Structures are given as structure tokens and as C-alpha cells.
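Engineer: First, the structure itself, so that you have it in front of you.
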Amino acid sequence: MTRAITPTQREIFFDPDAFIVSKTDLKGRLTYTNRIFCEIAGYTEKELLGQPHSVIRHPDMPRAVFKLLWDAIQDGREIFAYVKNMARNGDHYWVFAHVTPSYDRNMRVCGFHSNRRVPKREVVETVIAPLYAELTRIEASFRNAKEGLAASHQHLMRTATANKASYDEFVFSL
């Protein structure tokens, strides 16, 4: 499932009472997807299982947000984040994601669990989409991808902590 998908610029929506749920292994490969996930993303469960979760990554998503997310969950912490995903047909959908580590019976991290719900529309339009566009612009302005990611991540953290708040406090203040 490595075909290139071209974004359509069409947004799709899902029921505000629905939750998109997925689980991954430690490397981010899908081990579980619920029916809503499959319907919104446009894939069957069989097509998704074993694939990297990034199969639904929209190119408008700044790498800095995923760095923040991976740093948190690999450190054993939960994280909340706004994410723009891309369906199989190139349409996109916004989610407010809650990602947590999953633990085995010996309390070792064995994977990750994500619940996503409909985000606040006003927040996406007035804060998140402009911020993500700026982060993506910063990332693209560097020839060296690592330097671009570092600069974008710094900008994200400066923005989130501008009022002496943590990233989590910033997200929940929106």
C-alpha cells in the first residue's frame, strides 16, 4: 500500500459522537482499527493491519507535531494533539487525538493506543491550521531536514509556552 495519494483539498467530517480508535505496535504499525477508522480513512481493516499508522498522514502535517507526539509516548506519557489526516481518496479530516502508551502485564510499553474525536472547528480554523502552516513553512525553508525539524519544533514549543504554559496546557486552553 505504497501508492502516492494526491490531496484533494476536500474535507470530510464524521459524527461528533463517534470515536476513531487504533492501536499500534512499538514501531507504529497498526494492530487494531475500529469500524469508524476504516470508514473515514477509506480502507478495510485487512488493508490497514500491519501498515504504518502514517498511511493516513497528510502532507500538511508538520513533522514537529509528530516529534512532540512520539517523544511523549515513548517517554510513557499521554498526549493530546490536533491532527490532519488523509483518507485513501486524498480527502482530509481533522481530529483531536489522545494517544497513550499501552502496557503489557509486566508494565512494559508494548504499543500505543489512540482515540480521536471531532475537534473544535473554531480552534482548527483560527489557531491550529495557521500554526501548522507556519510550522510546515519553517520545515520546508531548510535544506537540511533535521535542521528544519529542529527549528519547527522550537517554534511550536515557543508558541505553546508563550504564556508560561506547558504544551498540554496550551492545547487544553484552545
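Engineer: Can you find even one residue in segment 25-42 that is touching a His at 6+ places or on another chain (Cβ under 7 Å), charged (D, E, K, R) and surrounded by fewer than 14 Cβ atoms within 10 Å (Cβ to Cβ)?
Structural biologist: No, every residue in segment 25-42 fails to be touching a His at 6+ places or on another chain (Cβ under 7 Å), charged (D, E, K, R) and surrounded by fewer than 14 Cβ atoms within 10 Å (Cβ to Cβ).
Engineer: Restricting attention to segment 124-137, which residues are in contact (Cβ under 8 Å) with a residue 40 or more places away in the chain and either touching a strand residue (DSSP E or B) at 6+ places or on another chain (Cβ under 6 Å) or buried (at least 16 other Cβ atoms within 10 Å of the Cβ) (or both)?
Structural biologist: V124, V127, I128, Y132, L135, T136
Engineer: Condition first: in a loop (DSSP other than H, G, I, E, B), among the polar types (S, T, N, Q) and without any contact (Cβ under 8 Å) to a residue 24 or more places away in the chain. Now tell me which residues in segment 15-62 satisfy that.
Structural biologist: Across segment 15-62, the qualifying residues are N34, T44.
Engineer: Just checking, does segment 43-56 include any residue being modelled with pLDDT of 95 or more, closer than 13 Å to Y93 by Cβ and among the aromatic types (F, W, Y)?
Structural biologist: The answer is no, given that none of the residues of segment 43-56 is modelled with pLDDT of 95 or more, closer than 13 Å to Y93 by Cβ and among the aromatic types (F, W, Y).
Engineer: Please tell me if N89 is of a type outside the set (D, E) and more than 19 Å from the chain's Cα centre (by Cα).
Structural biologist: The answer is no for N89.
Engineer: Another question, then. Report whether or not A150 is among the small types (G, A, S) and either surrounded by 17 or more Cβ atoms within 10 Å (Cβ to Cβ) or in a strand (DSSP E or B) (or both).
Structural biologist: Answer is no for this residue.
Engineer: Quick one: count up the residues across segment 43-57 that are surrounded by fewer than 18 Cβ atoms within 10 Å (Cβ to Cβ) and on the phi < 0 side of the Ramachandran plot. Give the derivation first.
Structural biologist: Step one: of segment 43-57, the residues surrounded by fewer than 18 Cβ atoms within 10 Å (Cβ to Cβ) are 44-47, 49-52, 54, 57.
Now restrict to residues that are on the phi < 0 side of the Ramachandran plot: 44-47, 49, 51-52, 54, 57.
Result for segment 43-57: 9.
Engineer: Spot the failing condition for F112; the list is (1) within 16 Å of D168 (Cα to Cα); (2) touching a residue at least 24 places away in the same chain (Cβ under 8 Å); (3) out of contact with any Leu (no Cβ under 6 Å at 6 or more places or on another chain), and only one is missed.
Structural biologist: Evaluating F112 over (1) within 16 Å of D168 (Cα to Cα); (2) touching a residue at least 24 places away in the same chain (Cβ under 8 Å); (3) out of contact with any Leu (no Cβ under 6 Å at 6 or more places or on another chain) leaves (1) as the failure.
Engineer: Could you tell me whether segment 123-145 includes any residue that is assigned to a loop (DSSP other than H, G, I, E, B) and under 16 Å from the mean Cα position of the chain (by Cα)?
Structural biologist: No, that holds for no residue.
Engineer: If F112 passes every condition in (1) assigned to a helix (DSSP H, G or I); (2) modelled with pLDDT of 95 or more; (3) crowded, with 18+ Cβ neighbours inside 10 Å; (4) more than 12 Å from the chain's Cα centre (by Cα) but one, which one does it miss?
Structural biologist: (1)
Engineer: Which condition number does I73 fail, the rest of (1) within 19 Å of L30 (Cα to Cα); (2) surrounded by 17 or more Cβ atoms within 10 Å (Cβ to Cβ); (3) modelled with pLDDT of 95 or more; (4) of a type outside the set (S, T, N, Q) being met?
Structural biologist: (3)
The values are calculated or read from the model by the stated rules, or taken from the named source; none is laboratory data. Just so you know, these numbers come straight off a predicted model, no measurement behind them. Cβ sites come from the backbone with ideal geometry, for glycine too, and all protein chains shown count toward neighbours.
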